[in-house]
Every structure is written in structure tokens, then in C-alpha cells.
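**Q** Below you will find the structure I want to go over with you.
The values are calculated or read from the model by the stated rules, or taken from the named source; none is laboratory data. Computed from a predicted model, the values in this text were never measured in an experiment. Ideal geometry is used to build each Cβ from the backbone, glycine not excepted, and the neighbour counts take in all protein chains shown. What goes into the accessible areas is simple: the full protein's heavy atoms, side chains included, and nothing from ligands, DNA or RNA. Shrake-Rupley method; radii C 1.70, N 1.55, O 1.52, S 1.80 Å.
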Amino acid sequence: MSGLEPFGVRLRRAMDERGPLCVGIDPHASLLAEWGLNDDVAGLERFSRTVVEAVADRVAVLKPQSAFFERFGSRGVAVLEKSVEEARAAGALIVMDAKRGDIGSTMAAYAQAFLHKDAPLFSDALTVSPYLGYGSLSPAVALARESGAGLFVLALTSNPEGGEVQHAVRADGRNVGATMLAHLAAENAGQEPLGSFGAVVGATLGDLSTYDLDINGPLLAPGIGAQGATPADLPGVFGAAVRNVVPNVSRGVLRHGPDAVALRDAAERFAEEIRAAVTSS
């Protein structure tokens with residue numbers, strides 16, 4: 001055992017104390033260029049350190065997109081390791097956006113890379129893909145429980161292509177996205193104050209009242225800012241489950257860099273708008 005409280009307990013506390021905002025760390029080439037940085041490891045390191053130093057001591061969650069670090073090979077992964085370490089030391093929870101999904105021993109290895117308590121990339125939670133069957137995630141579920149970590153399972157994503165899989169209807173009449181939500185509700189049954197197994201549900205999807213979003217777990221909600229959703233949209237999309245939503249903003253905050261004060265101010269504006277939208281619902 002890791003000695004950590006379950007992710008759901010720690011996340012609920014962080015959301016209550018810091019607000020529910022999740023800031024993405026997405027150092028893609030065009031954003032590095034906007035910051036006046038080279039598209040190389042030095043630019044990557046400067047970008048990541050600036051974001052962590054600006055907001056890790058005040059937001060509940062930071063979500064690095066691992067692909068933007070992996071593209072630089074081992075040196076990029078080393079930057080990611082350092083970013084995770086420094087962000088967690090400042091009090092932010094880390095959701096590693098790696099969207100891993102496989103079967104058997106390979107899925108177990110992915111889990112060990114991000115969810116084992118001694119792993120250099122140990123994260124508080126990991127995004128995973130269930131589209132080899134929800135049961136294929138069992139090694140990650142088991143290790144997350146053991147380590148006090150969590151998972152965010154792709155369920156109803158904000159990309160338009162996702163519908164061809166997630167809206168497909170099963171023989172029992174329930175679609176695939178709803179099936180994933182039901183699996184997560186079962187994982188979280190009886191957990192207080194919040195389960196550790198969450199769903200990724202896009203904030204751009206409009207009225208989701210036909211889905212049971214009450215999974216007793218967190219709902220990671222991409223799509224606010226550059227993708228078109230606003231904090232004011234959250235109650236209409238998520239209904240009674242809005243208190244468990246972790247809204248993710250990436251470019252809406254990151255475009256204010258490289259000035260750390262501007263990054264911090266942007267994050268605080270989004271956090272306040274989200275807090276107002278959630279508390280008024």
C-alpha cells in the first residue's frame with residue numbers, strides 16, 4: 001500500500017479547498033512558438049516549469065499531456081518526471097493524460113508506469129481508454145486501488161469522431177458511453193465522499209440528461225475555452241452531477257504565457273467563473 005488516502009478523498013478535498021479547475025499542460029509546437037520558445041527540450045522545460053510555478057500552488061489539478069513530452073524521447077520524459085514531482089510538491093494533484101489502453105500484461109505495465117507508488121511518473125490519476133472492453137482495464141483498476149490513485153475512463157468525449165463508438169447501441173439497448181458510466185458507478189459504489197474512478201465527459205456535448213452521470217466519482221470535462229464551452233454551460237450539461245465535475249482548461253490559460261502573473265490571473269479568473277457557475281446551480 002502507498003499510504004495515500006484514496007484519490008477520490010484527496011480530490012474532493014482539493015476541489016473544496018482550491019476549486020475544481022484542472023489546468024492542462026499541453027506544450028505543443030505552436031504554443032511553444034507563441035511563447036517565443038524553441039520547439040526543443042529546452043523550450044519544453046521552460047514552458048512546463050513556468051506553468052507549474054505559476055499555478056501548481058493554487059489549482060486542484062494539473063493535467064500534463066504526455067504525448068507532447070514523449071515526442072522528445074527520454075529527455076522529454078525526464079522533463080515530465082520533474083514537472084510531476086514539482087507540481088505534486090506544490091500541492092496540485094496530477095492527472096496524467098496518456099489515454100492508455102491495452103490488455104493483460106501490457107495494460108499492467110502501463111499501469112505500473114503511472115500508478116505504482118515508486119514509479120518516476122507516479123500520478124494521482126491516469127486517463128485510460130476502455131475500447132478493448134472495460135474489463136481490459138482491470139490491471140489498472142487494481143493497481144490504482146492499491147496505490148491510492150484513480151482513473152479517468154473515456155466515456156463521452158468532446159471530439160466529434162468519438163460518437164461512432166461511444167453512441168453505438170449494444171444488444172441490451174444501452175449505448176457504449178452509458179455502459180462505461182455504469183461500470184464506473186459500480187467501481188465507486190459505497191465510496192465516500194467520492195469514488196476514485198471517474199469518466200471523461202466533454203463539456204461541449206450539450207444536454208446529457210439521458211445519461212446517468214451520477215457515478216459517485218469525478219467527471220473530467222474537457223472543452224472549456226478554445227473548444228467553445230464556457231463555465232456557465234456546466235450546470236446545463238452535467239445537471240445534478242455538476243458538483244463532481246473537474247473542468248479542464250488548457251489553451252484558455254496557457255495562451256497567457258510566458259508571463260507567470262498573467263497565467264496565474266487567467267487560472268484564477270476561470271476558477272472563479274467555474275465556482276460561480278457550480279454554486280449557483
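**Q** Can you give the relative contact order of the range 207-248 as a percent, counting alpha carbon pairs under 8 Å and 6+ residues apart?
**A** Rounded, it is 56 percent for the range 207-248.
**Q** Run the dipole for the range 124-241 about the Cα centre, Lys and Arg Cβ at +1, Asp and Glu Cβ at -1, nothing else charged, and hand back the magnitude in debye, nearest 20. Walk me through the numbers on the way to the answer.
**A** Numbers: 3 positive and 11 negative charges, 30 e Å.
The dipole of the range 124-241 has a size of about 140 debye.
**Q** Taking all protein chains in place and a 1.4 Å probe, what share, in percent, of the accessible surface of the chain do carbon and sulfur account for?
**A** Details: 5800 of 11550 Å².
Solvent-exposed carbon and sulfur of the chain make up 50 percent of the total.
**Q** Sort out for me the Cα centre separation of the range 89-137 from the range 174-198, rounded to whole Å.
**A** Cα centres, the range 89-137 to the range 174-198: 17 Å.
**Q** Could you list the square roots of 5 times each eigenvalue of the Cα gyration tensor of the chain, that is, the equivalent ellipsoid semi-axes, sorted largest first and rounded to whole Å? Present the calculation step by step, with values, prior to reporting the outcome.
**A** Details: eigenvalues 146, 99, 66 Å².
Its equivalent ellipsoid spans semi-axes of 27, 22, 18 Å.
**Q** Normalised by the residues of the chain, what does the relative contact order come to in percent, with Cα pairs under 8 Å and at least six apart?
**A** 20 percent
**Q** Let me ask something additional. Just the number please: accessible area per residue for the chain, 1.4 Å probe, all protein chains included, in Å².
**A** Numbers: 11550 Å² over 281 residues.
On a per-residue basis, the chain sits at 41 Å².
**Q** Let me ask you something else. Scanning the chain for trypsin sites (Lys or Arg not before Pro) in DSSP loops with at most 14 other Cβ atoms within 10 Å, what's the longest stretch left with none?
**A** 175-281
**Q** Also, I was wondering about something else. Per residue of the chain, what 222 nm ellipticity follows from adding -39500 (n - 2.57) for every DSSP H run with n ≥ 4, rounded to the nearest 500?
**A** -13000 deg cm²/dmol
**Q** Among Ile103, Ile215, Ile94, which one shows the highest mean-square fluctuation when the chain is modelled as a Gaussian network with alpha-carbon springs under 10 Å?
**A** Sorting by GNM fluctuation, first place goes to Ile103.
**Q** Let's see if you can work this out: charge +1 on each Lys and Arg Cβ, -1 on each Asp and Glu Cβ, no other charges. What is the dipole magnitude of the range 1-79 about its Cα centre, in debye to the nearest 20? Walk me through the numbers before you get to the answer.
**A** Numbers: 10 positive and 11 negative charges, 48 e Å.
In total the dipole reaches around 240 debye.
**Q** Now for a different question. Please name whichever of Phe68, Gly101, Thr279 sits farthest to the positive end of the charge dipole of the chain, dipole taken about the Cα centre and charges placed at Cβ: Lys and Arg +1, Asp and Glu -1.
**A** It is Gly101.
**Q** Heavy atoms only, probe 1.4 angstrom, no DNA, RNA or ligands counted: give me Ser280, Ser83 ranked by accessible area, highest first. Display every interim value, and only then the final one.
**A** Values: Ser280 95, Ser83 10 Å².
The ranking, largest first, comes out as Ser280, Ser83.
**Q** Farthest toward the dipole's positive end in the range 176-267, which of His183, Leu234, Pro258, given Cβ charges of +1 (Lys, Arg) and -1 (Asp, Glu) about the Cα centre?
**A** After comparing all options, I get Pro258.
**Q** Quote the charge dipole size of the range 1-151 about the Cα centre in Debye, to the nearest 20; the model charges only the Cβ of Lys and Arg (+1) and of Asp and Glu (-1).
**A** 280 debye
**Q** Let me ask something else about it. Please report the spacing between the Cα centers of the range 8-76 and the range 241-281 in Å, no decimals.
**A** Computed from Cα coordinates, the inter-centre distance equals 14 Å.
**Q** Under a cut-off of 20 Å between alpha-carbon atoms, report the lysines in cross-link reach of Lys82, not counting same-chain residues fewer than 8 places apart.
**A** Here the lysines satisfying the reach criterion relative to Lys82 are Lys63, Lys117.
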